[in-house]
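Bear in mind that the values in this text are calculations on the coordinates, not laboratory data. Bear in mind the structure is a predicted one, so any value in this text is a computation, not a measurement. FYI the Cβ positions are ideal-geometry reconstructions off the backbone, even for glycines, and counts take in every protein chain you see.
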């Protein structure tokens, strides 16, 4: 029968011994005959049952058996009663599942496990069959089904022969269980419909008699729940690993950033130191201009040009650590540092005050949130704090522009005033 073979059941000595800790389910099932619409009880594991009313075969698919038994095992793990339906219309199967304690239905004593049967001291026993392979492959926990060659309900007493009169000719008709519901009169050949009372005496209606299923081990649904749980935990671990990887990436990025800051800060200090030395040399030259006589014009011009170029170069390298540490774009760094350099160079007194204020801000290392407008566009920047004194080299440059630079300019422009001070 294809995937679902109901033809081969194992009984007897090839069965494993019944596990005393096995979960047993009591299953009652009912379907409807698709031919006559009458109820058909299912009293055991079988693909085909016969309708007691019209003798038509009624098929129960392997998929339905698998679904019902699978669900029965899940309910037995929880020791729950359950009633449900599967299928539609004439294909509908109603079922009830209850936990069964494997006790005798006559004396209610526990049935003793054995080979191919559960037995009681009173003589009652429940025969067992081993489920077919296709079913145990799908439900690994299913070990046994109750069953016998004669299913419950098949042993009801029926009449072997009933005599009735032909409604057409009055002849005697001998009706047995082998007759069809519509039979021919042997005298007048008229088709005669056997009435319900006679038919039911020949074919007693089966009643719903429960059968039993034994399970051992984890149910499929429990395995699926555990699989879902494992999947959930795996996803959680992956999310956690992803979070840790992200943190590790951020840590490595931070380390690279700190290393870059360290390198640029070291270079910035070298340029700040070089600019300090250059400014001191310029101051010494300016003092020579004051006390030893005027310096040649070309020497003053070349000195001023050298000072201007050194300011530009020093400003670039001393502000580099700020850019690296904050990752702010160039225009923000321009506003923080470069913007104030022309004032310090070109505006006496006011420029030095601005340079001094900028020196103090860079030493403090904290910048408030700001908005920089350029034409029709504007950019907003969050507050910035320099954690590793990245602004100090630039502060040294502005301090030199605050104190040393104006003194050099004064010495060149008005040497007499300087001499009068001494």
Give me the percent relative contact order of the range 260-421, please, defined on Cα pairs under 8 angstrom at least 6 residues apart.
33 percent
On alpha-carbon atoms, Rg over Rh for the chain using Kirkwood Rh?
1.62
Run the numbers for residue 287 and residue 189: contour at 0.36 nm per residue of separation, minus the present Cα-Cα distance, in nm.
20.3 nm
Between residue 255 and residue 357, what is 0.36 nm times their sequence separation minus the Cα-Cα distance? Round to one decimal in nm.
33.5 nm
Order by neighbour count: 27, 198, fewest other Cβ atoms within 10 Å first, most last.
198, 27
Contour minus Cα-Cα span, residue 169 to residue 103, at 0.36 nm per residue, comes to 18.1 nm
Going by how many other Cβ atoms sit within 10 Å of their own, how do 196, 73 line up, fewest first?
196, 73
For residue 232 paired with residue 96, estimate the spin-label separation in nm (one decimal), with each label point 7 Å from Cα along the Cα-to-Cβ line.
3.4 nm
Projected-area average for the range 277-417 over all orientations - Cα convex hull basis, square nanometres
9.4 nm²
Taking R0 as 25 Å, what's the FRET efficiency between residue 387 and residue 280 from their Cβ-Cβ distance, rounded to 0.05?
0.20
Which value in nm describes the separation of the simple spin-label points at residue 89 and residue 419, placed 7 Å from the Cα toward the beta carbon?
12.4 nm
Out of 143, 366, 242, any idea which swings most in a Gaussian network model of the chain, alpha carbons joined below 10 Å?
366
Percent relative contact order of the chain, based on C-alpha pairs within less than 8 angstrom and at least six residues apart?
14 percent
If we sort 287-299, 49-61, 346-358 on the protection proxy, mean other Cβ atoms within 10 Å, highest first, what's the order?
49-61, 346-358, 287-299
Once you put a point 7 Å from the Cα of residue 63 and another 7 Å from the Cα of residue 196, both along the Cβ direction, what distance in nm separates them?
3.5 nm
Which value in deg cm²/dmol, rounded to the nearest 500, describes the helix-derived mean residue ellipticity at 222 nm for the chain, given -39,500 (n - 2.57) per DSSP H run of n ≥ 4 and division by the residue count?
-15500 deg cm²/dmol
Quick check on the exposure proxy: order 251, 389 from fewest to most C-beta atoms within 10 angstrom.
251, 389
Listed peptides 307-314, 256-263, 413-420 by packing density, highest first (mean Cβ within 10 Å):
307-314, 256-263, 413-420
